[in-house]
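Colleague: Take a look at the following structure, please.
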Amino acid sequence: MELSEVAPPRGFCAAPWIEAVVRISGNVLPCCRAGRVFGNVESAPLAEIWKGRVAQEFRAKIGAGEFPSPECESCYRDGTQTTLRKDLDSVVDTIVKVGTVLQRCERITDIEINPLLVYEHGRGVKAVDVRILLTSGRKGV
């Protein structure tokens, strides 16, 4: 079974369950689009904010099919901006390919892909910048 076969219905937003945005001000938001502030890391630990009343109420509204924030409407309307509508199959494929490269080249000590742009389902991913660190190949170095 592919990840695309278990994707949520169009319009469901998973962001408040799987990510958080911390702004330079310290404000914690459910995603980069919503304006609802869950709390501020200068007043409470991130874990406490994540599990707090405001965040729980926000998630409950999404679960009930309501718009907890005005900015949420576009995600509910067409579902194209939600995290789980992205091409997760291509992310998995990329991880497997990187693992294969690591197995075949013993000199690689680290691979960093940052960022990996993930497009809408069926449109793939793009590695914008990749850093590969190698050992010198000489014994004792």
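Colleague: Sort ASP87, ASP110 by heavy-atom solvent-accessible area, probe 1.4 angstrom, most to least.
Modeller: The ordering from most to least exposed comes out as ASP110, ASP87.
Colleague: With a 1.4 Å probe and every protein chain kept in, tell me what percent of the accessible surface of segment 14-64 is carbon plus sulfur.
Modeller: 55 percent
Colleague: Still on this structure, please answer the following. Got a number for the accessible area of THR94? Probe 1.4 Å, square angstrom, nearest 10.
Modeller: THR94 exposes around 30 Å² with every protein chain in place.
Colleague: Also: Where a ≥ b ≥ c are the square roots of the eigenvalues of the C-alpha gyration tensor, would you call segment 30-75 rounded, which needs a/c under 1.5, or, failing that, prolate if a/b is larger than b/c, or oblate?
Modeller: Taking the square roots of the gyration eigenvalues as a ≥ b ≥ c, segment 30-75 is oblate.
The values are calculated or read from the model by the stated rules, or taken from the named source; none is laboratory data. Every value quoted in this text rests on a predicted model; they were computed, and no experiment measured them. Surface areas here come from the heavy atoms of the whole protein model, side chains and all, with no ligands, DNA or RNA. Shrake-Rupley method; radii C 1.70, N 1.55, O 1.52, S 1.80 Å.
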